[in-house]
Structure formats: C-alpha cells, structure tokens
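Everything on this sheet refers to the single structure shown next.
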Amino acid sequence: MDLFSFSLTTILYVVTPLLYLSFLLWKVIDQRRDQECYIIGYQCYKPTDDRKLGTQRCGTIIARNKNLGLDEYKFLLKAIVSSGIGEQTYAPKNVIQGTESNPTINDAVSEMEEFFHDSIGKLLAKTGVSASEIDVLVVNVSMFSSTPSLTSRIINHYKMRHDVKAFNLTGMGCSASLISLDVIKNILKSQRNKNALLVSSESLSPNWYSGKDRSMILANCLFRTGGYAVLLSNKRSMKHKAILKLKCLVRTHHGAKDDAYGCCQQKEDDEGRLGFYLGKNLPKAATKAFVENLRVLSPKILPAREMIRFVTVSLLRKVKSATSSGKGVTVNNNKSPLNLKTGVDHFCLHTGGKAVIEGIGKSLDLSEYDLEPARMTLHRFGNTSAGSLWYVLGYMEAKRRLKKGERILMISFGAGFKCNSCLWEVMKDVEDRNVWDDCIDEYPPQSLANPFMEKYGWINTVHDSTNFSLLDSLNT
C-alpha cells in the first residue's frame with residue numbers, strides 16, 4: 001500500500017507539471033495561430049480609357065499652362081522621355097477636362113469615391129465577404145482629408161456595422177501602404193477572428209501643379225491615378241482562401257534629419273501655387289533610409305550562413321579600404337555585400353521612377369527578371385504612390401510567377417523621409433490577372449521608349465522664346 005501511494009504521489013508530482021507545461025505550450029502555439037496576418041484578396045483600380053494620358057493629350061495639358069516657357073518645355077521633355085512612363089497611364093478627371101488650375105473639393109471627393117466604389121465592390125464580390133463582415137477599416141490618402149472622413153464615406157456607402165474600427169491616415173506619402181499594413185498587423189495580433197479592409201490611393205485632383213518651379217513640375221510627370229483595396233484576416237476559417245501570409249515588417253523613419261525631412265513635401269511655390277516638391281537630395285535621403293532598413297530587415301529574413309558570409313565580406317572590405325586609403329587609392333563599391341536572394345524569391349519595388357528602380361537594382365545586384373515587374377508597372381500605370389506595390393504584385397501574379405512557399409519582399413519609400421519593407425509567404429499558386437488582364441500578354445514590350453521625343457523633339461531646336469507658343473505649334 002505504501003509503495004502504491006508512493007508511486008501515485010510520484011506520478012502526480014511529475015506528470016502534473018508536465019501536463020501543465022504542455023498546456024501552456026499548446027496555448028502559446030494556439031494563440032500564435034490566431035495572430036497571423038493573411039491576405040485573402042486584393043483589387044487594384046483601373047480608371048476608364050477616357051482618362052488615359054497619351055502623347056497628344058500630354059502636350060495639350062502642358063501647353064495650356066500659361067506659366068511655362070521654352071526652358072520649362074525643354075526640361076519637361078527631357079524628364080518625360082527619361083521617366084520610363086508609357087502612354088496608357090491615367091490622370092484625374094479635372095485634368096482631362098482642363099480645370100486642374102482651379103480644383104474644387106468636389107473634384108477630390110468624386111475622385112476618391114469613384115475609386116472606392118469600383119475597387120472595394122470588386123474585392124468584396126471576388127472574395128465572397130460582405131461589408132457587414134468587416135471588423136477593421138484602414139484608409140490611407142496622403143494629400144487629401146475631408147469631413148466627414150474618407151472612412152466614414154466608405155462606411156456609409158457600404159452600410160458597415162456600427163462597431164467597425166476605422167482609421168483614417170494622411171500625410172504618409174508613397175510608403176503609406178506598409179504603414180497601414182502595420183496598423184492592421186498589430187490589431188490582428190491582439191484581437192482574434194477579425195477581417196480587415198485596407199484601402200489606399202492618392203488624391204491628384206487638388207494637387208496637380210500649375211506653376212513653373214522645376215522641382216514641383218516633376219511630380220506631374222511621375223504621379224498618376226491609381227489605388228487598391230486589400231482584404232486581410234487572422235481567422236482560421238479563412239486560411240484556405242489566403243494567398244499571402246505576412247512574415248515580418250520593418251519601418252524606418254529619418255524625419256529627425258533635416259535634409260531627409262525636407263526632400264519631398266506638399267507645398268506652395270513662391271507664387272502661391274500648390275504642388276508637390278521633389279528635392280535634389282531625395283536620392284541621397286532614400287539611400288540612407290534604405291541602408292538602415294536593410295540593416296534591421298536582413299537578420300529577420302536571411303539564413304544564418306548568409307549573415308556569416310556578409311560579416312566576413314564586410315570585414316574584408318574594411319581591411320581592403322583601409323589598406324587602399326593608406327596608399328592613396330579610393331575604393332568605390334555601391335553594391336551591397338548582402339545576397340537577398342538567399343531569402344527572397346521575388347522583389348516588389350516601389351515605382352518611384354526609373355532612377356529609383358535602377359538604383360535599388362544596382363545596389364542589391366538584381367537581374368532584369370527581378371526588375372521587370374516594377375519597370376513594366378511604371379510604364380503601364382506610372383507612379384501611383386502607395387498603390388504602386390500592388391500593381392507590381394499584380395504583374396507577378398498575372399505572369400504566373402508566384403508559387404506556393406515562395407517569398408516576396410516589398411520595398412517602399414515615402415515623404416518624411418521613410419523606407420518601409422515587408423516579407424510575404426505565398427500560400428498557394430496564384431494567377432489572377434487583375435487590372436493587367438487586357439494587356440499582360442503584351443508585356444514586356446520590345447521597347448519601353450515613349451514617342452514624346454519623336455513628336456516634340458523639335459522643341460530642342462527652338463532658341464527664340466519671344467514669339468514661341470507651344471499651343472499654336474500643336475494646332476498647326
């Protein structure tokens with residue numbers, strides 16, 4: 001009897017703690033399963049064909065700006081030709097109608113509502129989720145804020161629940177997509193069984209520049225109408241529908257540095273005309289933010305063997321640089337010693353411009369195949385601000401590049417100055433053609449050259465600006 005009691009007591013003392021520890025371990029694992037951030041579906045926005053900016057229409061829009069002269073025309077020609085943008089990008093309605101110099105609140109509101117109603121409606125229909133099932137709504141539009149808010153307009157139109165958690169973000173720039181995603185990620189991490197709707201665009205109607213400051217005219221050459229809506233969830237019941245799973249997200253903010261803070265801003269020129277300023281120090285600010293972001297991101301996404309190789313190569317470079325400087329020789333190597341391809345299969349880059357894409361490609365030693373989605377997106381849709389990443393993702397999907405288990409790295413830049421990045425895991429083979437459906441088979445084209453130089457190159461031969469009128473020249 002004593003032996004039996006001893007054995008039972010021993011079992012209770014040993015087994016009970018083990019069972020309790022097992023329960024705690026199961027609880028932690030179970031909770032983590034409810035903290036995942038899945039993309040169930042996304043929908044990019046494509047305006048109607050009457051909003052396309054072809055060569056002739058661009059010339060007409062530029063010509064009716066009475067503040068421009070011959071020097072500005074030559075600058076714009078050079079900028080557009082080297083921009084990497086094609087003839088099928090889209091402008092807001094007031095620019096097409098010729099009222100961009102006198103924008104109204106109605107212009108901005110109608111631009112946003114047209115996008116909301118199109119993209120959100122298509123997304124909900126595609127995913128089979130009703131508006132009443134949305135628990136969290138995050139809307140990001142950097143350069144327009146209305147009352148009632150844009151979130152309220154969406155809630156009213158789709159008659160969402162009274163307890164939906166709404167967040168309206170402004171002023172975050174082109175990198176706002178991943179900032180909005182970070183907000184949703186943190187909510188899904190702390191609350192179980194939630195569906196979240198992320199909506200983002202940029203308001204160009206009230207921000208089309210009608211002055212002559214070159215650092216502000218440049219924005220007209222790059223920014224185009226676009227936007228997207230994404231449905232995210234942490235519900236286990238939605239996992240089988242998920243196309244992507246968020247692995248990690250890193251945000252870098254250099255707003256404390258004056259040169260970075262002031263390199264791109266919404267502002268008025270010396271004559272009081274509103275526009276978006278892009279400074280000459282923008283590439284330098286972007287590079288510094290990018291390097292800092294990579295420093296934090298790399299250990300999260302790369303295998304240990306690559307980090308060991310990176311440290312070794314970096315030390316050898318420092319030794320070589322010190323030796324060379326002692327001999328008066330300068331060593332210049334702009335390529336990162338990191339090989340991101342050891343942890344990343346696809347690169348989804350912000351289409352900030354041709355120089356931005358090529359700069360990232362050079363620093364990360366990316367191939368033409370890696371850069372193709374960003375280049376083609378810039379050519380077809382232009383710089384759609386925070387939405388550009390999702391058009392690039394759409395290109396990859398339409399080309400059937402994304403296979404189950406592969407990993408996608410998103411990199412974005414924005415005013416402030418910010419660099420944000422995140423890593424996604426593909427949950428299943430995807431091949432939705434989205435907004436690329438009518439043109440994906442034509443990409444990549446044999447040449448990305450646009451016809452602006454062919455049509456307007458004669459401007460470079462004009463030297464007398466006193467009797468020159470671009471509008472008269474276009475009409476003859």
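The numbers here are math on the coordinates, done by the rules we state, and not lab data. Remember, it's a predicted structure, so these values are computed and weren't measured experimentally. All Cβ positions, even for glycine, are placed from backbone atoms using ideal geometry, and neighbour counts span all protein chains on display.
What is the sum of charges around I187, taking Lys and Arg as +1, Asp and Glu as -1, for the other residues whose C-beta is under 9 Å from the C-beta of I187?
Values: positive: K165, K185, K189, K194; negative: D135.
That sum, taken over residues with Cβ under 9 Å, equals +3.
Between Rg and the Kirkwood Rh of the stretch 354-424, both from Cα atoms, what is the Rg to Rh ratio?
Working: Rg = 12.1 Å, Rh = 12.9 Å.
Ratio of gyration radius to Kirkwood radius: 0.94.
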(request) Please report, in Å, the Rg and the Dmax of the stretch 63-116, where both are computed over Cα atoms only. (result) 14.1, 40
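Report the Rg/Rh value for the stretch 384-476, based on alpha-carbon coordinates and the Kirkwood definition of Rh.
Working: Rg = 21.0 Å, Rh = 17.5 Å.
Computed over Cα atoms, the ratio is 1.21.
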(request) Using only Cα atoms, find the angle between the long axis of helix 105-127 and the longest principal axis of the chain, and express it within 0 to 90 degrees, rounded to the nearest 10. (result) 40
(request) Over the alpha-carbon set of the stretch 122-230, work out the extent along each principal axis and list the three values in angstrom, largest first. (result) 51, 27, 27
(request) Pull out the extension gain between S149 and S130, defined as 0.36 nm times the separation in residues minus the alpha carbon to alpha carbon distance; nm, one decimal. (result) 4.7 nm
(request) Working from the alpha-carbon coordinates of the chain, get Rg over Rh, Rh being the Kirkwood radius. (result) 1.06
(message) So if I restrict to the alpha-carbon atoms in the stretch 209-349, what is the Rg, and what is Dmax, the biggest pairwise distance, in Å?
(response) 21.3, 65
(request) Measure nothing but the geometry: give the 0 to 90° angle between the long axis through the Cα atoms of 304-326 and the longest principal axis through the Cα atoms of the chain, rounded to 10°. (result) 50
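Of K126/K399; K66/K212; K212/K267; K165/K428; K257/K284; K247/K341, which pairs sit farther than 18 Å apart, going by alpha carbon to alpha carbon? Let's see the in-between values first.
Numbers: K126/K399 20 Å; K66/K212 9 Å; K212/K267 14 Å; K165/K428 30 Å; K257/K284 12 Å; K247/K341 16 Å.
The answer is K126/K399; K165/K428.
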(message) For the chain, take the longest principal axis of its alpha carbons; what is the angle in degrees between that and the long axis of helix 2-33, to the nearest 10 within 0 to 90?
(response) 10
(request) From the C-alpha gyration tensor of the stretch 174-254, pull out the three semi-axes of the equivalent ellipsoid (sqrt of 5λ each), sorted largest to smallest, in whole Å. (result) 35, 14, 10
(message) Quick check: the distance between the Cα centres of the stretch 242-279 and the stretch 177-213, to the nearest angstrom?
(response) 14
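Viscosity 0.692 mPa s, temperature 37 °C: Stokes-Einstein D of the stretch 115-174 from its Kirkwood Cα radius, in µm² per second? Mind showing how you got there, number by number?
Details: Rh = 12.2 Å.
In µm²/s, the coefficient is 269.
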